[in-house]
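The values are calculated or read from the model by the stated rules, or taken from the named source; none is laboratory data. Computed from a predicted structure; not experimentally measured. Virtual Cβ from ideal backbone geometry, glycine too; neighbours counted across all protein chains shown. Accessible surface is based on the protein model in full, side chains and every heavy atom, while ligands, DNA and RNA are left aside. Shrake-Rupley method; radii C 1.70, N 1.55, O 1.52, S 1.80 Å.
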Amino acid sequence: VDQQTATRTCIHTPIQEELDPQADVPSDVLDGVSLVHMDSRSTLAAIEVARMANEAGVGVSLDIEKERPHVEGLLPLADYIFTNSRYPSIFSPDSESLLHGMAALLEHGRAKLVATTLGEQGSVLMRRESGPVADHPDVSVEAFGAGDGEYQVVRCKAHTPAGAIV
């Protein structure tokens, strides 16, 4: 993290061809793993790894910011979904609000929570089951009912690195 600009840089070199799930995913890929994180690239291979993880009881987190080929097969396999502020509306274009889009993502599969970053406005987390939340003046909790159930929504204001909540 660049302390002066409060930004981070990620270096990514994408491959041109899609990975072959049968040839490029070894059967022991999850040995000793308790959580696998995916970024929705190489989606066919990611689907295979996520299926293997589901069968093995390994958690699956997914960071998604835009539509990609075959992503509809990956989303239902994720336990934790992380999005930018636009993706819930991309996923559910008829949703009347960000929270409705997040609820649609939860209802689409097995995810326990969806966390969405909102830039300078902070972040919002929606989860299926209510749980304890840190008592902090910049954190608020509310209930949201949509679709198949009621969800707990946790909102957190944005902080600079010097004022981060730890």
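Structure values in brief
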item	result
The one condition in (1) in contact with a helix residue (DSSP H, G or I) (Cβ under 9 Å, 6 or more places away or on another chain); (2) over 20 Å from R110 (Cα atoms); (3) at pLDDT below 90 that P93 fails to fulfil	(3)
Of residues in region 70-98 being open to solvent by less than 50 Å² (accessible area, probe 1.4 Å), out of contact with any strand residue (DSSP E or B) (no Cβ under 7 Å at 6 or more places or on another chain) and of a type in the set (S, T, Y), the one nearest to V49 (Cα to Cα)	S92
Scan of region 58-69 for residues that are surrounded by 15 or more Cβ atoms within 10 Å (Cβ to Cβ) and charged (D, E, K, R), ordered by number	D63, E65, R68
Conditions (1) without any contact (Cβ under 8 Å) to a residue 12 or more places away in the chain; (2) within 19 Å of V124 (Cβ to Cβ); number of the one not met by E72	(2)
D28 more than 17 Å from H70 (Cα to Cα), out of contact with any strand residue (DSSP E or B) (no Cβ under 8 Å at 6 or more places or on another chain), at pLDDT below 85 and open to solvent by 60 Å² or more (accessible area, probe 1.4 Å)	yes
